[in-house]
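Here is the structure we will look at, set down as structure tokens.
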Amino acid sequence: MSGFVLTDENYYSREADILYMSCSQFQSFQTCEAASMARLRGEWEPKGKNDALLQGQYFHSCFEGPEAFEAFCKAHFDEIYKTKTTKSRGTEVIGRYAPFERLQEMIEVVKQDPFMSRVLEWPGENEKFLTGEIGGIPWRMKMDKYTPQGRRIIDYKTSANIWELYYNPESKERQSFIEEYGYMMRAAVYGEIERQNVGADTFPTFIILAVSKQDPPDKGAFCLNDDARWAYELEKVKAAIPRIQQLKEGHLAPRRCGHCEYCRATKKINRVLMYTDLMPAYRGEAVEYDEIKPSLYDTL
């Protein structure tokens, strides 16, 4: 694999994205192939990506321990803290920016809950990554917390409202945030890769600690274990992998979803639509494609 060795330092690098599949990358391809390929080629980044990533890292780093959290806040001081400068006192911190104030409230809710605080104290490793193989290609995944004793994977999640239900146009039913954001697929992939690494016949326990962005924040702990559902999710992933791999190797032109941030930014009008094309029943599958380009692996 071109001599590349995955580490904590390069885990989120473009090279790692090219050589390894991940749950986030898989979901990105399922949403819009053209946008996913543009990001992998280094041609485009979604607006607000850095802000969302920084806020997520702030939330997660707090549970890694005081030293990790302090180091993170120090490294991103100007982005997190509001300051003012006076002649008498010099520069002083006057608070956090609004998104981080809300995140701090959410963090305190987790720490003050008796059950959640016990989970945080379980012996284990924070931000532990593992690699494995699914669908014949390499995958990587990073666990928020992994406790080898008892084989438990802990995932920290934030949500606007953990009890909100979302409409699924395919099933025509409402579903939870766990279904809406593909967390069952993520749990299945994480469980399979962990199982491969420990050489077990059974899956580990996968628990989500969720906290809402409401005022005051709500909270909940949810177990996602379901062997039959995980097997189904893994089969869906394996069925989709061949096309994604052909896209990364430059054998296929990626489809444009036509509605995402990337597609809107690069859209070109090439025909006049009927007004009925705006209705869901008439939309169908996107037919526009990006051009075929050389394999991503040629850039490494």
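The values are calculated or read from the model by the stated rules, or taken from the named source; none is laboratory data. Model, not experiment: these values are computed from the prediction. Here the Cβ positions follow ideal geometry from the backbone for every residue, glycine too, while neighbour counts run over all protein chains shown. These area figures cover heavy atoms from the full protein model, side chains too; ligands, DNA and RNA do not enter into them. Shrake-Rupley method; radii C 1.70, N 1.55, O 1.52, S 1.80 Å.
For this structure, a couple of remarks:
- Qualifying positions in the range 134-149 - touching a strand residue (DSSP E or B) at 6+ places or on another chain (Cβ under 7 Å) and within 27 Å of residue 108 (Cβ to Cβ): 142, 143, 144, 145, 146
- Residue match in the range 195-212 (condition: over 23 Å from residue 60 (Cβ atoms), of a type in the set (Lys, Arg) and open to solvent by 30 Å² or more (accessible area, probe 1.4 Å)): yes
- Candidates 211, 198, filtered to the one that is out of contact with any helix residue (DSSP H, G or I) (no Cβ under 9 Å at 6 or more places or on another chain), touching a residue at least 12 places away in the same chain (Cβ under 8 Å) and of a type in the set (Val, Ile, Thr): 198
- Flag if residue 64 is closer than 14 Å to residue 156 by Cα, open to solvent by 60 Å² or more (accessible area, probe 1.4 Å) and in a loop (DSSP other than H, G, I, E, B): yes
- When the range 158-185 is filtered for residues that are open to solvent by less than 60 Å² (accessible area, probe 1.4 Å) and at pLDDT 95 or above, the ones remaining, listed by number, are 161, 162, 166, 175, 176, 177, 178, 182, 183, 184, 185.
- Yes/no for residue 114 being touching a residue at least 40 places away in the same chain (Cβ under 8 Å) and open to solvent by 30 Å² or more (accessible area, probe 1.4 Å): no
- A Cβ distance below 6 Å, combined with a sequence gap of six or more or placement on separate chains, defines the contacts here; from the range 150-164, residues that are among the small types (Gly, Ala, Ser) reach residues that are open to solvent by less than 30 Å² (accessible area, probe 1.4 Å) in the pairs 159/177; 159/210; 159/212.
- The listed residue being open to solvent by 90 Å² or more (accessible area, probe 1.4 Å), of a type outside the set (Ser, Thr, Tyr) and free of Cβ contacts under 8 Å to residues at least 12 places away in the same chain, out of 264, 243: 264
- Count of residues meeting criterion [open to solvent by 30 Å² or more (accessible area, probe 1.4 Å), part of a strand (DSSP E or B) and either at pLDDT 95 or above or over 17 Å from residue 64 (Cβ atoms) (or both)] in the range 126-156: 6
- Test for residue 22: is it in contact (Cβ under 8 Å) with a residue 60 or more places away in the chain and among the hydroxyl-bearing types (Ser, Thr, Tyr): yes
- Count of residues meeting criterion [closer than 15 Å to residue 98 by Cα, loosely packed, with under 15 Cβ neighbours inside 10 Å and hydrophobic (A, V, I, L, M, F, W, C)] in the range 67-84: 1
- Lone qualifier among 47, 82, 74 - being without any contact (Cβ under 8 Å) to a residue 24 or more places away in the chain, among the basic types (Lys, Arg) and not in a helix (DSSP H, G or I): 82
- Of all residues in the range 246-261 being among the charged types (D, E, K, R) and assigned to a loop (DSSP other than H, G, I, E, B), the one that is surrounded by the most Cβ atoms within 10 Å (Cβ to Cβ): 256
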